[in-house]
Amino acid sequence: MTNETATGRERNSGAAGGAHEAAPGPGAHGDPPAPVPGAQDRRPATASAARERVRRLLDGHPGAPLHPRVVNDVLLVTSELVTNALRHGDGIAAFHAELDGGTVRISVTDRSTAPPSSASRRDVTTPGGFGWPLVRRLSRSVTITPTRDGKTVEAVLLLAPDGV
């Protein structure tokens, strides 16, 4: 079983070679949560960073290279889960991705107790509202688990394309 876990604050190298921290989420008394040591114990600050982490994980799968449709679906679900946590969940509290045989598990913990939902759409020109239905459609299973300070959303996707 291969995995990638993120629960601390991510540091990114700036163009000038310096490092900067992603904006911390709320914690006790407004302080950021304490970082967890270890190279793999970092939260992605953006959907792009999460996708890159998952792409590297998929590249390490014994069956790599995986079918492009599978890779695209996994990366899309990763983007949607992270974007939802950032937009609607008061930030990412933890991120975890792991290969488990023929599946990949992506879980994102945020700081909101509100479950994901799909907005009723009368005007298809209004942006947003498509991500959660995509996550549910592309995933083999989706689980929402309440946590003390929010929730964890876990999506499991097959690594073999359906019908191909």
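The values are calculated or read from the model by the stated rules, or taken from the named source; none is laboratory data. Only a predicted model underlies this, so the values are computations on that prediction, with no experimental measurement involved. Note that we place each Cβ from the backbone using ideal geometry, even for glycine, and neighbour counts take in every protein chain shown. Calculation scope for accessible area: heavy atoms of the full protein, side chains included, ligands and nucleic acids excluded. Shrake-Rupley method; radii C 1.70, N 1.55, O 1.52, S 1.80 Å.
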Completion exercise
Applied in sequence order to region 90-104, the curve 6.51 cos²θ - 1.76 cosθ + 1.60 (Karplus, θ = phi - 60°) yields integer Hz couplings, x standing for Gly and Pro, of 6, x, 8, 8, 7, 9, 8, 9, 8, 8, 9, x, x, 10, 10
Problem - Protection-proxy order for peptides 130-143, 85-98, each taking the mean of Cβ atoms within 10 Å per residue, highest first - result: 85-98, 130-143
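How much of the accessible area of region 36-105, probe 1.4 Å, is carbon plus sulfur, in whole percent?
Of all accessible area on region 36-105, carbon and sulfur atoms account for 50 percent.
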Problem - Per residue accessible area of region 46-124, 1.4 Å probe, in Å² - result: 49 Å²
Exercise for the section: Output the peptides 77-83, 63-69 sorted from most to least packed, where packing is the average of other Cβ atoms within 10 Å over each peptide's residues. Expected result: 77-83, 63-69
